[in-house]
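Have a look at the structure below before the remarks.
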Amino acid sequence: MAPPWVQELHFPHLPSHYIDHMVPVMPSGPTPTAPGQSLYLSTSMMWLEPVFSLPQYIFMPQITGDRLKTLRDALASVLVPYYPLSGRLRETNNGKLEVFFGQDQGALMVEAHSEMSLSDLGDLKVPNPAWSPLIFRFPNEEPTNCGGFSLGLRICHCIVDGLGAMQFLSSWAATAKAGTLITNPKPCWDRDFFRPRDPPLVKFPHIEFMRIEDGSSLTMSLWQTKAVQKCYRISREFQAWLKTLAQPEDDMSNVTCSTFDAMAAHIWRSWVKALDVKPLNYELRLTFSVNARQKPKNPPLKEGFYGNVVCLACVKSTVRKLVYGRFPDTARLVREARLGISEEYLRSTVDYVEVDRPRRLEFGGKLTITQWTRFSIYDSADFGWGRPMYAGPIDLTPTPQVCVFSPEARLILVGQCLCVFACRNLLQKASRTFCLLQRPVNKVQLNEATTLL
């Protein structure tokens with residue numbers, strides 16, 4: 001049985017929902033654009049396909065009054081400074097994306113209801129793939145809203161990143177709460193900041209984008225077995241203990257291992273071990289997103305910029321080193337990749353995308369980790385009715401090689417987080433992971449801690 005600091009969470013099944021109204025919400029005031037005009041969208045995000053969105057759901061307690069009107073009016077106000085979010089993505093003749101403004105577009109608001117209460121949703125502190133029917137999808141979309149009150153938000157990832165989405169959400173919520181437009185900080189579009197250099201100058205190999213023919217058993221193993229989303233509540237104590245184990249014993253650089261480095265290294269090793277990847281000499285990759293907002297120095301990014309400033313860090317290792325190597329060595333690889341994201345790496349990424357035009361991320365032979373723990377989503381989503389009961393992503397199962405570190409709702413204990421996996425049921429092979437952490441520790445503590453994955 002897993003200890004309290006590593007707790008597996010389970011999910012209930014949900015009934016259907018019914019759509020009542022679909023209303024486009026236009027900016028309530030004048031904007032700098034007119035129908036027929038378009039906005040430049042930075043080249044660096046071309047690899048994020050237009051349909052790759054950031055679905056988030058916010059569940060709130062029972063609310064009185066005309067809540068839809070409050071949300072609609074606040075959204076119309078916020079769309080004045082955030083006017084690009086009322087446009088539409090389209091592809092230009094040269095294959096790039098832009099934001100186009102046509103007649104009466106606006107942001108689509110969908111009102112729906114379901115014959116259920118918030119208590120029917122189960123544990124509202126964790127993401128739940130059973131909530132997927134609550135996501136509105138257009139008729140031509142691939143298959144992948146309730147009592148109390150829930151609010152869903154879908155924004156294309158090539159328009160904003162996670163922090164940009166939080167900035168918009170915070171402004172919308174503050175405007176609804178105050179009854180007047182609030183934008184703090186003032187939103188900044190300025191996508192020209194990330195135009196490619198002329199001529200482009202690619203200084204790094206950018207293996208995060210390269211296609212690798214998966215010669216291992218990983219992909220076949222994943223897709224032959226139906227993906228199961230697993231969610232684990234990971235305590236601050238476990239994270240601190242794992243970080244201690246990951247510290248290098250002979251590193252004279254005085255660069256310490258972060259909690260993320262330790263968690264990412266342990267999950268990657270455990271994932272590969274549990275899936276019994278073969279052959280042992282096959283080289284696998286780990287990719288994870290790094291917030292690069294503070295990297296540009298000359299000039300720096302303007303305050304309020306809400307576009308994508310995400311760089312993908314990439315780590316390579318053979319199966320043998322992951323399974324049988326030292327845990328601090330794997331954590332060091334993660335740390336070096338994280339610290340390797342510089343201003344020049346960011347500029348090189350923009351130029352690489354301009355030259356090679358990758359249109360999607362490659363998932364062959366790798367695991368991808370996304371960190372949401374630093375998003376102020378619970379504070380950002382107070383629309384005047386209190387903090388939400390749950391705010392965050394819903395379902396990762398369509399992409400079984402992604403892991404999300406997500407903050408848990410209603411917790412005062414700083415550092416406690418959720419680890420959400422879309423993968424096979426790793427607990428069935430948990431006994432295989434006992435050898436992953438090899439620094440001498442209390443035997444009982446080791447056996448308990450390594451049942452995490």
**OP:** Need at least 2 residues that are under 26 Å from D161 (Cβ atoms), at pLDDT 70 or above and more than 24 Å from the chain's Cα centre (by Cα) per element, so show me which strands (runs of 3 or more DSSP E) inside the stretch 24-123 make the cut, counting only ones lying wholly within it.
**Re:** 38-40
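Would it be correct to say that S150 is crowded, with 20+ Cβ neighbours inside 10 Å and either in a loop (DSSP other than H, G, I, E, B) or modelled with pLDDT under 80 (or both)?
Against the criterion (crowded, with 20+ Cβ neighbours inside 10 Å and either in a loop (DSSP other than H, G, I, E, B) or modelled with pLDDT under 80 (or both)), S150 qualifies.
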Subject >> Single condition Q105 does not satisfy, out of (1) farther than 26 Å from C188 by Cβ; (2) polar (S, T, N, Q); (3) touching a helix residue (DSSP H, G or I) at 6+ places or on another chain (Cβ under 8 Å) >> reply: (1)
Original post:
Among the residues of the stretch 338-393 satisfying the criterion of being of a type in the set (F, W, Y) and assigned to a loop (DSSP other than H, G, I, E, B), which is farthest from R293 (Cα to Cα)?
Top reply: W385
Original post:
So which residues in the stretch 177-194 are at pLDDT 90 or above, closer than 30 Å to D351 by Cβ and surrounded by 13 or more Cβ atoms within 10 Å (Cβ to Cβ), if there are any at all?
Top reply: P185, P187, C188, W189, D190
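So, in the stretch 265-321, how many residues would count as being over 30 Å from L41 (Cβ atoms) and of a type in the set (A, V, I, L, M)?
9
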Subject >> Those residues of the stretch 177-229 which are part of a loop (DSSP other than H, G, I, E, B) and under 23 Å from G304 (Cβ atoms), in sequence order >> reply: G179, T180, L181, I182, T183, N184, P185, K186, P187, W189, D190, R195
**OP:** Please work out if N140 is within 14 Å of A391 (Cα to Cα) and modelled with pLDDT under 75.
**Re:** no
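The values are calculated or read from the model by the stated rules, or taken from the named source; none is laboratory data. Quick caveat: nothing in here was measured; it's all calculated off a predicted structure. So basically every Cβ, Gly included, is an ideal-geometry build from the backbone, and we count neighbours across all protein chains shown.
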